[in-house]
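To start, the structure itself, in structure tokens.
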Amino acid sequence: MKIPVIANGDIDTPEKAAFVLRATSADGLMIGRAAQGNPWIFRQIAHFLATGEKLAPPPVTEVRDTLLDHLDTLYAFYGEYSGVHMARKHISWYSKGLRDGAAFRHRVNQVETGEAQVAMVREFFDGQAQAMELAA
Ligand SMILES: Cc1cc2nc3c(=O)[nH]c(=O)nc-3n(C[C@H](O)[C@H](O)[C@H](O)COP(=O)(O)O)c2cc1C
């Protein structure tokens, strides 16, 4: 075919990305759900395709800063009321798998202002960073 072909669907790890590219000879990949809360998947896949090695997950401080930028963008684009509501699912995705994440999500889903949401996100991720430093 002369048009570029993009393979898509259920690609959620660098290994799957490599497998799909090999199996389909597609020109590129498109990632949907696996990028939600993990925008680092693109560099993780690129690194794996280039080197065959897996990149470490991003430090929790980078996750915090990326999420805080994302929140600002959501408030600016959707307005504070819709932005705060829309942000809840993103906060859930970014905090998936972190310690005390379920209790945090329950608390953060109650707040109705951007200021309170940002403060709670910052506090949670700063706590994660501190706990990881202590454990190291
Ligand atoms: C948040 C979100 C929005 C999407 N919006 C569209 C869309 O507007 N049009 C479309 O054709 N597919 C849309 N899709 C489907 C994706 O393009 C993709 O085909 C699907 O998510 C399967 O890929 P995945 O397994 O990597 O998520 C959307 C998917 C997600 C997760």
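Just so you know, all these numbers are worked out from the coordinates, no wet-lab data involved. Owing to the predicted nature of the structure, the values given are computational and were not obtained by experimental measurement. Here Cβ is always computed from backbone atoms with ideal geometry, including for glycine, and neighbour counts include all displayed protein chains.
Residue-by-condition table, conditions (1) part of a loop (DSSP other than H, G, I, E, B); (2) touching a residue at least 24 places away in the same chain (Cβ under 8 Å):
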position	(1), (2)
Ala56	yes, no
Thr61	no, yes
Asp69	no, no
Val84	no, yes
Trp93	no, yes
Glu115	no, no
Ala119	no, no
Phe124	no, yes
Check: Taking the range 16-29 only, how many residues are in a helix (DSSP H, G or I) and either within 13 Å of the ligand (Cβ to nearest atom) or surrounded by fewer than 16 Cβ atoms within 10 Å (Cβ to Cβ) (or both)?
Finding: 7
Next item on the list: Mind listing whichever residues of the range 95-113 are part of a helix (DSSP H, G or I) and among the polar types (S, T, N, Q)?
Entry: Ser95
Checklist line | When residues of the range 49-68 are limited to those that are of a type in the set (Ser, Thr, Tyr) and surrounded by 13 or more Cβ atoms within 10 Å (Cβ to Cβ), the one nearest to Gly83 (Cα to Cα) | finding: Thr66
Item checked: Among the residues listed as Ile45, Ile41, the single one being farther than 28 Å from Phe104 by Cα and of a type in the set (A, V, I, L, M) -> Ile45
Notebook entry, point to check: So which residues in the range 4-15 are touching a helix residue (DSSP H, G or I) at 6+ places or on another chain (Cβ under 9 Å) and away from the ligand (no atom under 11 Å from the Cβ), if there are any at all?
Noted result: Val5, Thr13, Pro14, Glu15
Notebook entry, point to check: Taking the range 30-46 as the search range and keeping residues that are among the polar types (S, T, N, Q) and assigned to a loop (DSSP other than H, G, I, E, B), which one is farthest from the ligand (Cβ to nearest atom)?
Noted result: Asn38
